[in-house]
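Structure first, commentary second.
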Amino acid sequence: MKDNIQLRREMQEYISRLKSADNIFGLFKLLNYPDNILFDISFKRKKDTFDFKKVDIQRIKEIYSILSFDEKLPVFLIESKTLIPSFIRSVTTTFDKQYLHFLLIFATDYSEIVFVFPKREKIEAGKHKLKLIKLIINKKELHYTDIQTLSNINFEKEETWSDVWKKWNKAFSVERITEDFFENYKNIFFMLSQLSNLMFIQIYRNS
């Protein structure tokens, strides 16, 4: 099993070279998702199997099934002509009518990739509001939190679909990303401070 630092390094290198649907399948292989739940690039879905709005159908180029965990936790890749928020919300809403838990990935030319993790927030009995948590990956401006978030959805042995969904929920939490970033920043700052103090003491002794 790769440690988190090694995985982040490999993820950053892989994403910087990502340029096709096939690479999205490879991304989940890199994240250790087992072969028995992963599909391949031949697993395309017909647009008419979903109840999309007419305008959305015109904007969607291809739909791929990336993986399906016990048929309860699917991941879909949507190649589209646009990544505007209204389109992403409309498509996600359509999937929400058919699936209870899922993850969507949107891309046009793969210079920018949008991961959408939908969460249902209860309004009242029998009603919920759909909240979209987005991770926008710009290959020219990769950030620490981008790589960390994707590394955090790494599959671990013996996980059930429910375990995986909970892990996604935690990984795509903005608060969690912020906590991880500042915790690492704090540790690095502390180490640099300690090193600086040691250097100062050494210089003082030699003077």
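The values are calculated or read from the model by the stated rules, or taken from the named source; none is laboratory data. This is a predicted model, so every value here is computed, not measured. Because the Cβ atoms are built from the backbone with ideal geometry, glycine has one as well, and the counts that use them run over all protein chains shown. Quick note on the areas: whole protein, heavy atoms, side chains included, nothing else; ligands and nucleic acids left out. Shrake-Rupley method; radii C 1.70, N 1.55, O 1.52, S 1.80 Å.
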Selected residue (criterion: most open to solvent (accessible area, probe 1.4 Å)) from residues of segment 4-18 that are under 16 Å from the mean Cα position of the chain (by Cα) and farther than 14 Å from residue 148 by Cα:
16
Mind checking whether some residue in segment 14-32 is in contact with a strand residue (DSSP E or B) (Cβ under 6 Å, 6 or more places away or on another chain) and of a type in the set (Val, Ile, Thr)?
yes
Given the residues 57, 123, 41, 105, which is the only one that is open to solvent by 30 Å² or more (accessible area, probe 1.4 Å), in a strand (DSSP E or B) and β-branched (Val, Ile, Thr)?
123
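With modelled with pLDDT under 95, crowded, with 20+ Cβ neighbours inside 10 Å and in a strand (DSSP E or B) as the only criterion, which of 133, 137 stands out? So that I can check it myself, show each step before the final result.
Numbers: 133 fails: crowded, with 20+ Cβ neighbours inside 10 Å.
Every option except 137 fails the conditions.
Scan 197, 169, 152 and give me the residue that is modelled with pLDDT under 85 and of a type outside the set (Asp, Glu).
Working: 169 fails: modelled with pLDDT under 85; 152 fails: modelled with pLDDT under 85.
Step by step, each of 197, 169, 152 is checked, and only 197 is modelled with pLDDT under 85 and of a type outside the set (Asp, Glu).
Residues checked against (1) in a strand (DSSP E or B); (2) among the basic types (Lys, Arg); (3) free of Cβ contacts under 8 Å to residues at least 40 places away in the same chain:
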position	(1), (2), (3)
12	no, no, no
24	no, no, no
28	no, no, no
76	yes, no, yes
89	no, yes, no
94	no, no, no
99	no, no, yes
113	yes, no, no
